[in-house]
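Step one of this worksheet: look at the structure below.
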Amino acid sequence: MKKQNAGDGTVIIKKYANRRLYNTETSSYITLDHLATMTREGRDFKVIDAKTEEDITHSVLTQIIMDEENRGQAMLPVGFLRQLIAMYGDSMQALVPGYLDASMENFRRNQAQFKSAVEGAFAHSPFAEIAKRNMAMFEAAAEAFKPVMPAAAAAAAANGTHGAGPGATKDDEIAALRAELSRLQEKVEKLG
């Protein structure tokens, strides 16, 4: 029996009191490693507490990051973590998630441009195969940063209103970021 949210392709994962995770799409128990793989593959999922039906996706993703950080080479520098912790409770806290999402999206876009430039530079040389292998390793390392774009943001990007489409200028990107900043500032004012 397969279950998903109607029409959006989001896989529902249930977390039970015994800490087991159940994938309703495959009708099987999975681990945090499976969820990390799904994230790298761009699969959208939602983790809910089986008893309360509360959405606990955020805490599960945070646990995956902690597990990855503890396995070996840490990706998040101590300075960044200190700054992030210091932002909790700050008046600018509401702006941080949007800023981090935009920064990561810019990183991904720059990665794609870098890949194109490297492939073009080595296309007709004896180093072409080495460059391809190096780019594949670079892509695998950066895959952990792949954001899951919310439906609203995807629709805005498809309509060209986000400024992140191909051919978008820096002015378009700045305008999109200013609009997002204004929207977030309105939310902060409403909360106050």
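The values are calculated or read from the model by the stated rules, or taken from the named source; none is laboratory data. Since the structure is predicted, the reported quantities are computational estimates derived from the model, not experimental observations. All Cβ positions, even for glycine, are placed from backbone atoms using ideal geometry, and neighbour counts span all protein chains on display. For accessibility, only protein heavy atoms count, side chains too; no ligands or nucleic acids. Shrake-Rupley method; radii C 1.70, N 1.55, O 1.52, S 1.80 Å.
Just to be sure before I move on: is Ala36 among the aliphatic types (A, V, I, L, M), farther than 28 Å from Phe138 by Cβ and surrounded by 12 or more Cβ atoms within 10 Å (Cβ to Cβ) in the structure I sent? In short, no. Pairing each residue of the range 35-54 that is on the phi > 0 side of the Ramachandran plot with any residue that is among the hydroxyl-bearing types (Ser, Thr, Tyr) and open to solvent by less than 40 Å² (accessible area, probe 1.4 Å), provided the two are 6+ apart or on different chains, yields no C-beta distance under 6 Å. Could you tell me whether any residue of the range 51-62 is over 25 Å from Met104 (Cβ atoms) and either surrounded by 10 or more Cβ atoms within 10 Å (Cβ to Cβ) or within 21 Å of the chain's Cα centre (by Cα) (or both)? Yes, the range 51-62 contains a residue that is over 25 Å from Met104 (Cβ atoms) and either surrounded by 10 or more Cβ atoms within 10 Å (Cβ to Cβ) or within 21 Å of the chain's Cα centre (by Cα) (or both). Inspect the range 35-53 for any residue being out of contact with any Gly (no Cβ under 6 Å at 6 or more places or on another chain), small (Gly, Ala, Ser), part of a loop (DSSP other than H, G, I, E, B) and more than 28 Å from Ile13 (Cβ to Cβ) and give the result as yes or no. No, every residue in the range 35-53 fails to be out of contact with any Gly (no Cβ under 6 Å at 6 or more places or on another chain), small (Gly, Ala, Ser), part of a loop (DSSP other than H, G, I, E, B) and more than 28 Å from Ile13 (Cβ to Cβ). Among the residues making up the range 67-88, those that are open to solvent by less than 70 Å² (accessible area, probe 1.4 Å) and not in a helix (DSSP H, G or I) are Gly72, Ala74, Leu76. Considering only residues in the range 94-121 that are at pLDDT 85 or above and loosely packed, with under 12 Cβ neighbours inside 10 Å, the one that is farthest from Asn134 (Cα to Cα) turns out to be Pro97.
For the range 19-34, the tally of residues that are part of a strand (DSSP E or B) and out of contact with any strand residue (DSSP E or B) (no Cβ under 7 Å at 6 or more places or on another chain) stands at 1.
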